[in-house]
Amino acid sequence: MPTPTSNGHASRMQIQEPRIMSPLPPSSSPFAFKEQQGRPPPTTQQTIAGKLFRTLFKGLLFSQLTLISLLVIVLTIRGLISASTHHFHLKKWYPPLLASVAVSGIASLAWQCIFIYNPSRAVKATFWLSPILTCSVGILLVLIGSAVDAGIGAVFVLFAITQSLYGCWITPRIEYTDKILSLATAFPPARTREVVCLSIIVSVVYSGFLVTGIGGATSTRTNLDILFISVIMISLAWTMQVLKNVQQVAISRARYVNFAHGEDMDAWNAFRITMKHLTGSICVGSTLVPIIVFVRGSIRSVNLISGSSDEIMYPGADCFSTIANKLITLGNRWGFVHVGTYDKGFVEALSDTWKKLRSTTGLEKLIDSDLTSSLCFLSAVSVGAVSSLTAGIWMLLIHKDYALEVTLYAFIIGYFVGRVGLAWLQACVLAYYVAYSEDPQSMRFDGTIPQRIQRLQMLSAHRDNRELEVGRDREEDSYNNC
């Protein structure tokens, strides 16, 4: 990506300019990879079961791409033939949705440009714009008029209110998020822009292709067509996850090399190696991580609503809290860094990475409160909302009957395109934390993380003391009442 002209938070000691380094031992250098030595490092030799598992998922990816492509082509042709018979208006259904897909690509590119040139304003703008745009989508759906539309619109409005409350709750953490983003993305690897732009273009073209199939199935509206649309949307979600994580693995690999060893690696070269050797592991991670993150997030949300994340107030909460903490060792984004760097299987990579993160005092709690994931999520929601408003308003003006479905399709597609566009941002932050966990004393890192850990420890100690005092007061009141 383009290098910003100035960045107040980036320390000169933090990021090293290109220079020649002495060769590192093959077992410790991320360059000891298939492209350099013909095999992975000895410590990461793959088991037969791991190879089969990754080969299975890689085959599953390409199989479903082939089958979905055939299905879309058949549905599109059938839809064109039967459109007049079923009174389906092709010229009213396709243009708004296809235009919204294009808008999602443009919005995604614009959003990340804002992050590059002014991270501080971009972070603050995300937490303000996302609820406003989401609420706008909800109002649009309510204006359509039917009870179903109003109900779904109310859900969007409730989601917007939740985002607003969340934005108020995490306000004290925004300053640190701004700093860590500035440090991690200060000098992106060479040719990062090409990798990101290619990923966005592929996601937009693939989404547009699937839209033609969805339109073909919508033209006849049978129960079987509903199943076809569901299958296409599931394929879209998984394929976009894989595309996002391919970019994430490639960029985090190149960024990790700089943070850990002071060497520079071309992002395009990392992307090529990732596509050639690591697709299977990425497919495994793209399947496990969304499921585990959703389950863990749901458990933590219930814990938070019931009391707090540390002091739960409903039966069985301790068990659920333990499950939530265990799930992160089975599926988390941090493992993608070692997948790209050391050619590890995803399960092995996430286990090793999480052990490293936990071995550094205070780092586990710090990354648990990191806002990068929330920032990328809400940014993607904003892109989805812009896409949804484009299609929804257009459809509301020309053909109200199609407004609901087209608005929802546009939102989902825009969300996934937005996630693909900002994957490089999250990759840089992941690489920064992982590299820090392996060598916290390195001169390439400034005092941002240690100072934040110290701050969190002070706040935790203060909260514990306050809870202890409250407990003593309750005991005294109980004793006096007796």
If you count only protein heavy atoms and use a 1.4 Å probe, how large is the accessible surface of residue 229, to the nearest 10 Å²? 30 Å²
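Mind checking the per residue accessible area of region 66-199 for me, 1.4 Å probe, whole number of Å²? Walk me through the intermediate numbers first.
Values: 6500 Å² over 134 residues.
Solvent-accessible surface per residue comes out at 49 Å².
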Violating pairs (Cα-Cα greater than 25 angstrom) within the set 244/276; 276/355; 51/355; 51/244; 58/344: 276/355
Put a dot 7 Å past each Cα toward the Cβ at residue 222 and residue 147; how far apart are the dots in nm? 3.0 nm
Over all alpha-carbon pairs in region 52-205, figure out the percentage whose distance exceeds 21 Å. 69 percent
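Exactly which trypsin sites (Lys or Arg not before Pro) in region 65-107 are in a DSSP loop and have at most 13 other Cβ atoms within 10 Å?
Numbers: sites: 78, 91, 92; in loops: none.
Counting only loop positions with at most 13 other Cβ atoms within 10 Å, none of the trypsin sites (Lys or Arg not before Pro) in region 65-107 qualifies.
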If I compute solvent accessible area with a 1.4 Å probe over the protein chains, what percent of it on region 362-467 is carbon and sulfur? 56 percent
Could you order 240, 458 so the one with the most accessible surface comes first? Probe is 1.4 Å. 458, 240
What figure, in Å² to the nearest 10, do you get for the accessible area of residue 73 with a 1.4 Å probe and non-protein molecules left out? 80 Å²
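Taking N as the number of residues in region 91-182, what value does Rg over Cα atoms divided by 2.2 N^0.38 Å take?
In units of the globular-protein estimate, region 91-182 measures up at 1.33.
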Distance from the Cα centre of region 218-294 to that of region 126-189, in angstrom? 24 Å
With all protein chains present, region 81-150 has a carbon and sulfur share of its accessible area (1.4 Å probe) in percent of 74 percent
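Accessible area, 1.4 Å probe, largest first: how do 378, 459, 396 sort? Numbers along the way, then the final one.
Values: 378 10, 459 75, 396 50 Å².
From most exposed to least exposed: 459, 396, 378.
Past the 31 Å Cα-Cα mark, which pairs from 124/400; 179/356; 124/365? If you can, show how the numbers build up before the last one.
Numbers: 124/400 35 Å; 179/356 23 Å; 124/365 23 Å.
The answer is 124/400.
The values are calculated or read from the model by the stated rules, or taken from the named source; none is laboratory data. Being a predicted model, the structure only gives us computed values, none of them experimental. Positions of Cβ are backbone-derived with ideal geometry, glycine not excepted, and every protein chain shown enters the neighbour counts. What goes into the accessible areas is simple: the full protein's heavy atoms, side chains included, and nothing from ligands, DNA or RNA. Shrake-Rupley method; radii C 1.70, N 1.55, O 1.52, S 1.80 Å.
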